[in-house]
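Notes for the one structure printed next.
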Amino acid sequence: MSLDPATVRRIARLARIRLDDGQVEQIGAELNSILGWIEQLNEVNVDGVTPMAGGTHGMAQRLRADLVTDGGIAEQVLANAPDREGAFYTVPKVVE
Amino acid sequence: MTYAIEGSSGAWEVVIGLEVHAQIISQSKLFSGAATGFGASPNSQVSFVDAGFPGMLPVVNGECIRQAVRTGLGLNAQINLRSRFDRKNYFYADLPNGYQISQYEQPIVGTGVIEIELADGSTRQIGVTRLHVEQDAGKSLHDQDPSRSFIDLNRAGVALMEIVSEPDLRSPEEAGAYVRKLRSILRYLGTCDGNMEEGSLRADVNVSVRKPGEGYRTRCEVKNVNSVRFVMQAIEAEALRQIQVWEGGGTVEQETRLFDPNKGETRSMRSKEDAHDYRYFPDPDLLPLVLEQGWVDELRAALPELPDAKRARFITEYGLSPYDAAVLVAEQATAVFYETLARGRDAKQAANWLTGDYFAALNRLGHSIEDPPVSAEALGGLLDLIADATINGKIAKEVFEAMLESGESAAAIVDARGLRQVTDSGAIDAAVEAVLAANADKVAEYKSGKDKLFGFFVGQVMKAMAGKGNPALVNDVLRGRLQ
Amino acid sequence: MMLTDLTLAEARAGLRAGRFSSRELTQAFLDAIAVLNPKLNAFITVTGAAALAQADAADAALGRGEHGNLTGIPLAIKDLFCTKGVRTTAGSRILAPFIPPYESTVTANLLRDGAVFLGKANLDEFAMGSSNMTSAYGAVTNPWTRRGDNRALVPGGSSGGSAAAVAGRLALGATATDTGGSIRQPAAFCGIAGIKPTYGRCSRWGVVAFASSLDQAGPLARTVEDCAIMLGSMAGFDAKDSTSADVAVPDFAAACARGVKGLRIGVPREYRSDGMAPEIEALWSQGLDWLRAEGAEIVDVSLPHTKYGLATYYIVAPAEASSNLARYDGVRFGARSEGRDLIELYEKTRGEGFGDEVKRRVLIGTYVLSAGYYDAYYLRAQKVRALILRDFTEVFQKVDALVTPTAPTAAFAQGERMNDPITMYLNDIFTVPANMSGSPGLSVPAGLDAQGLPLGLQVLGRHFDEETVFAVGAALERAAGFSARPGMLAGA
Ligand SMILES: [Mg+2]
Ligand SMILES: [Zn+2]
């Protein structure tokens, strides 16, 4: 599989990363060589193999007790915000 | 008869599927220890996990899992002992992590069924495709500032159940009945408060239209409709729009739309225009969710009696009509009130009083069955006085009004106001004699064949006795005297 | 002898014996940092005042005869661990203004045991790199130089600042993280020891995530025993991390003295290929001879799928990273570039906030997860990963540990191998398989190449059997008697 500039732009849009045309060219070429190199996995016979999901195996999800142990720290969650209005985060107006 | 919309090209059938998002009743959020209460001050119920801070990790709230399984059992659905959390990746202002943790490939609950009752008394089985657990997003306020939207993350991370139906619904009425029935089941189970105003129950409505006998055509999803009435209106509006598009020679584009209750129309959601590619994959911060069959069985055994079972029991045990039974079981509190009232009494009469005068009084006084102005026991006391002929039905309505005002018992009111009905024949004879004497002309007309005057004489006698005469005795005496 | 030349174990003994104070020790390292850090750029942030305050508290505790595992020990903290009130950048411009209101579990454990934090160590941006050239805060220089050649060499990555700080005697030890080799490869390049413990051994809570199913924290220090001592404090069950394993933390340091008599050591034949440099091949055989001499049995084994580890890694890690890094959107924390609308704000914030390597990996990850490609790339990779895990599981039924080279080459010069990403990626060919399987892996300094640069040997073990890994690593260390010192030291 090979990425044309249009695909690179679509992927960059999905990832919300602005690329200028030069970067589309350069990164596109780099991605293509990486994807080409990754193709080696097609040699592997994976029939009937259960894929790994996550880094642990044989472990199951632990469940937490339903207790209120957090929150009530509005100032701390807002302290790093680049822009805020009172106790709200802000973004450019979103039109639905 | 099936619902259809007449277009210029003939009849159109409407195909509807619902995705209901129900907020799980829990103290803390699905993946964090922040509180879930409604209406708290902005960002006051937010942890660093909910705000997607660097290095923060989710830990699953066991109560939310328990509630989801109980709901699945309540929908007669298959419980998956092994399920998994996946990430749904997309950027949005109120989605802090840039992904929503949901269940995509392996939901915790599989196929189930919901039975809906329609106005004509008929019922339909509606398929449930799946129920999965996921986290809610935050709230964006768009009307606070000319150039900015404000973000409140209090709701971000609150546990939701997404309950997806098969495209089995065929009319706004069926869709409305489905939402009402689902809401009723959730409230019986205590897994969701069903409060649509506060957004704890929201419906995404998938609508398409087709000619009878056709396969499915393209559907549109109308997002976040927040009342049963709007669900029904949105379906009608969207169906009409699609019919116009098709009949205008166009094609319906699959898209996400919003319902505008004021205009009564749906419109495309610009913020969701971007082509969707959610890039689902298993959340590597979480492990497979594994349930014990024994634990699931314990939950099943502990489920309360649900609306369908209760309705069936009311029909057989109290001899109610399917319609009355459905009305009485819709809300658990109503059913409890009814059973207290009907126990040891005329069950039909109890149903009539409750659905008639009592519901009317609740509406009039703006009360709900949870805070009854007259308790089931007190109302029962009134019915007892009718049953043992202490008062007649007409006086009973007067006594009920007095009970609503004074809060006193029926018996006390009857005694205080001397409303016991008169059964002493002497008193009745005297009243009858007086009425006949005062209306000699009418007596003559009656005897010459004007039978319908009999009712007039009964009315006059009752009036003379201030309504307290025993209606049966009054009739007997009059009939005898007018022979 | 200078205080900064002490090993962590020696310094700990000296503090407890009252031969010197933590303030003296800490001040010695701060002075060395002042002299050498301008050359090495190992630290992004130095927290001198806080360090001295922690040192005084440690001295007070020692004075009362109370001490934890690390009381008074000055450490460097990789700038990927969130530290409460201390800027945490992850080596990225996008986190330049970020001051965490919380302390990561691992660093909190170190503080609980009395450690002193000298500052935040440089790293590849979001731990993505093998040379520390991708940091938004400048490259890190390896304190080692080739004989008769003063070109600046890379310290390896992504924990390059941590490794350079330890090798340059700017800290007794350092925290690090390893997603594809980011502890072991810099350890080898800088002539120090470093262990990536079993996945789940150290909590990931409060560590800026790169690839959640691979990331694992561990220590870098000058000796195997020092690593064992540090890991004893860093490790432990954490209910806040669902992937944290609820297993006891053994006495890792004690395991270092066990010896290897009777142990079966596997040599995976697949690692021999790839046109390995002769001196690395030679060092490897030398290491096996040392172990044989110590009474271990050397067994030839096969890990048929490990050669696919790197390609698998370059699907799984970018995929997870593309999702983990979506939170850097300029709304709640970090840098923001303004935009006319929300999408432009996102695209400019991330376009200007991320460096090229991060962009490359986020884009690759976005692509391999995107509609139509998930099965061909991500799902297949996770199946190959399962096969790699199966290879290790089967081999560890036959042997107690594996020994391989840590990296295919010694440290290279800054600017070398920058031309194409894959050459750079090949640095991790020997380390990546252990991340795929979650196995513990230790790198031990075992010798020098012809140019006088350090080379490392890697010891791999069973899940949660770091003790055997330490035992084998310590035996190699004793046999190698590695005593060479880097050319760039504050004292020199
Ligand atoms: Mg939906
Ligand atoms: Zn949903």
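The values are calculated or read from the model by the stated rules, or taken from the named source; none is laboratory data. Because the structure is a prediction, the values reported are computed rather than measured. Counting neighbours? That spans all protein chains shown, and the Cβs are built from the backbone with ideal geometry, glycine included.
Kindly indicate the residue of region B:27-38 that is surrounded by fewer than 22 Cβ atoms within 10 Å (Cβ to Cβ) and under 26 Å from the mean Cα position of the chain (by Cα) and also nearest to ligand 2 (Cβ to nearest atom) among those meeting that condition.
Here the residue is B:Phe38.
State whether the residues of region B:207-215 include one that is away from ligand 2 (no atom under 16 Å from the Cβ) and part of a helix (DSSP H, G or I). Give the derivation first.
Keep residues of region B:207-215 that are away from ligand 2 (no atom under 16 Å from the Cβ), which gives B:207-215.
Now drop any that are not part of a helix (DSSP H, G or I), which leaves none.
Looking through region B:207-215, none of the residues is away from ligand 2 (no atom under 16 Å from the Cβ) and part of a helix (DSSP H, G or I).
Can you list the strands (runs of 3 or more DSSP E) found entirely within region B:1-111 that contain at least 2 residues being away from ligand 1 (no atom under 16 Å from the Cβ) and of a type in the set (A, V, I, L, M, F, W, C)? Working first, answer last.
Working: elements: B:5-7, B:10-23, B:86-89, B:99-102.
Of the strands (runs of 3 or more DSSP E) lying wholly inside region B:1-111, those with at least 2 residues that are away from ligand 1 (no atom under 16 Å from the Cβ) and of a type in the set (A, V, I, L, M, F, W, C) span B:10-23.
Mind listing whichever residues of region C:72-96 are on the phi < 0 side of the Ramachandran plot, surrounded by fewer than 22 Cβ atoms within 10 Å (Cβ to Cβ) and either in contact with a strand residue (DSSP E or B) (Cβ under 9 Å, 6 or more places away or on another chain) or away from chain B (no Cβ under 12 Å) (or both)? Spell out how you get there, then give the answer.
Of the residues in region C:72-96, the ones on the phi < 0 side of the Ramachandran plot are C:73-84, C:86-89, C:92-96.
Next, only the ones that are surrounded by fewer than 22 Cβ atoms within 10 Å (Cβ to Cβ) stay: C:84, C:86-87, C:93, C:96.
If the condition is that a residue be on the phi < 0 side of the Ramachandran plot, surrounded by fewer than 22 Cβ atoms within 10 Å (Cβ to Cβ) and either in contact with a strand residue (DSSP E or B) (Cβ under 9 Å, 6 or more places away or on another chain) or away from chain B (no Cβ under 12 Å) (or both), then C:Val86, C:Arg87, C:Arg93, C:Ala96 are the ones that fit.
For residues that are within 14 Å of ligand 2 (Cβ to nearest atom) and either within 23 Å of B:Glu198 (Cα to Cα) or crowded, with 23+ Cβ neighbours inside 10 Å (or both), scanning just region B:121-140, find the one that is farthest from the other protein chains (Cβ to nearest Cβ).
Ranking the candidates gives B:Leu131 first.
In the set B:Asp143, B:Asp204, which member is within 16 Å of ligand 2 (Cβ to nearest atom) and surrounded by fewer than 20 Cβ atoms within 10 Å (Cβ to Cβ)? Break it down stepwise before answering.
Numbers: B:Asp143 fails: within 16 Å of ligand 2 (Cβ to nearest atom).
Among B:Asp143, B:Asp204, only B:Asp204 is within 16 Å of ligand 2 (Cβ to nearest atom) and surrounded by fewer than 20 Cβ atoms within 10 Å (Cβ to Cβ).
Looking at region C:300-355, which of the residues that are more than 11 Å from chain B (Cβ to nearest Cβ), hydrophobic (A, V, I, L, M, F, W, C) and within 15 Å of C:Ile94 (Cβ to Cβ) is surrounded by the most Cβ atoms within 10 Å (Cβ to Cβ)?
Within region C:300-355, the match that is surrounded by the most Cβ atoms within 10 Å (Cβ to Cβ) is C:Phe354.
I'd like the residue in region B:134-148 that is within 16 Å of ligand 1 (Cβ to nearest atom) and not in a loop (DSSP other than H, G, I, E, B) and, out of all such residues, is farthest from B:Val69 (Cα to Cα).
It comes out as B:Gln135.
So, in region C:358-373, of the ones that are facing another protein chain (nearest Cβ under 7 Å) and not in a helix (DSSP H, G or I), which residue ends up nearest to C:Met128 (Cα to Cα)?
C:Ser370
Checking the conditions here, which among B:Ile163, B:Ile151 is in a strand (DSSP E or B), more than 29 Å from B:Ala237 (Cα to Cα) and out of contact with any helix residue (DSSP H, G or I) (no Cβ under 6 Å at 6 or more places or on another chain)?
None of the others qualify; the one that does is B:Ile151.
Considering only region B:13-26, state which residues are closer than 30 Å to B:Arg217 by Cβ, within 16 Å of ligand 2 (Cβ to nearest atom) and not small (Gly, Ala, Ser).
Selection gives B:Leu18, B:Glu19, B:Val20, B:His21.
Restricting to region C:96-127, count the residues that are over 20 Å from C:Asp56 (Cα atoms) and over 21 Å from the mean Cα position of the chain (by Cα).
Of the residues in region C:96-127, 7 are over 20 Å from C:Asp56 (Cα atoms) and over 21 Å from the mean Cα position of the chain (by Cα).
Yes or no, residue by residue, for (1) surrounded by 14 or more Cβ atoms within 10 Å (Cβ to Cβ); (2) more than 19 Å from B:Leu341 (Cα to Cα):
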position	(1), (2)
B:Leu379	yes, no
B:Leu383	yes, no
B:Glu405	no, yes
B:Ala416	no, yes
B:Asp424	no, yes
B:Leu453	yes, yes
B:Lys463	no, yes
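Against the definition (within 25 Å of C:Lys307 (Cα to Cα), surrounded by 13 or more Cβ atoms within 10 Å (Cβ to Cβ) and of a type in the set (A, V, I, L, M)), how does A:Ile38 come out, yes or no?
yes
For region C:259-273, how many residues are more than 14 Å from C:Thr406 (Cβ to Cβ) and not in a helix (DSSP H, G or I)?
10
Looking at region B:345-368, which of its residues are farther than 16 Å from B:Phe314 by Cβ and of a type outside the set (Phe, Trp, Tyr)?
B:Gly356, B:Asp357, B:Ala360, B:Ala361, B:Leu362, B:Asn363, B:Arg364, B:Leu365, B:Gly366, B:His367, B:Ser368
Failed condition for B:Arg219, given (1) within 16 Å of ligand 1 (Cβ to nearest atom); (2) more than 14 Å from every other protein chain (Cβ to nearest Cβ); (3) farther than 19 Å from B:Ile163 by Cα, with all others met?
Against the list (1) within 16 Å of ligand 1 (Cβ to nearest atom); (2) more than 14 Å from every other protein chain (Cβ to nearest Cβ); (3) farther than 19 Å from B:Ile163 by Cα, B:Arg219 comes up short only on (3).
If you check every pair at least six apart or on different chains, which have Cβ atoms under 7 Å apart with a residue in region B:18-35 that is more than 14 Å from every other protein chain (Cβ to nearest Cβ) first and a residue that is modelled with pLDDT under 95 and crowded, with 21+ Cβ neighbours inside 10 Å second?
Close Cβ pairs satisfying both conditions: none exist.
Find the residue count for region B:48-79, including only residues that are free of Cβ contacts under 8 Å to residues at least 40 places away in the same chain and either within 7 Å of chain A (Cβ to nearest Cβ) or farther than 17 Å from C:Val331 by Cα (or both).
Step one: filter region B:48-79 for residues free of Cβ contacts under 8 Å to residues at least 40 places away in the same chain, giving B:48, B:53-56, B:59, B:62-63, B:76, B:78.
Checking which are either within 7 Å of chain A (Cβ to nearest Cβ) or farther than 17 Å from C:Val331 by Cα (or both) leaves us with B:48, B:59, B:62-63, B:76, B:78.
Within region B:48-79, residues that are free of Cβ contacts under 8 Å to residues at least 40 places away in the same chain and either within 7 Å of chain A (Cβ to nearest Cβ) or farther than 17 Å from C:Val331 by Cα (or both) number 6.
Would it be correct to say that B:Glu221 is part of a strand (DSSP E or B) and either more than 16 Å from ligand 2 (Cβ to nearest atom) or closer than 26 Å to B:Glu6 by Cα (or both)?
yes
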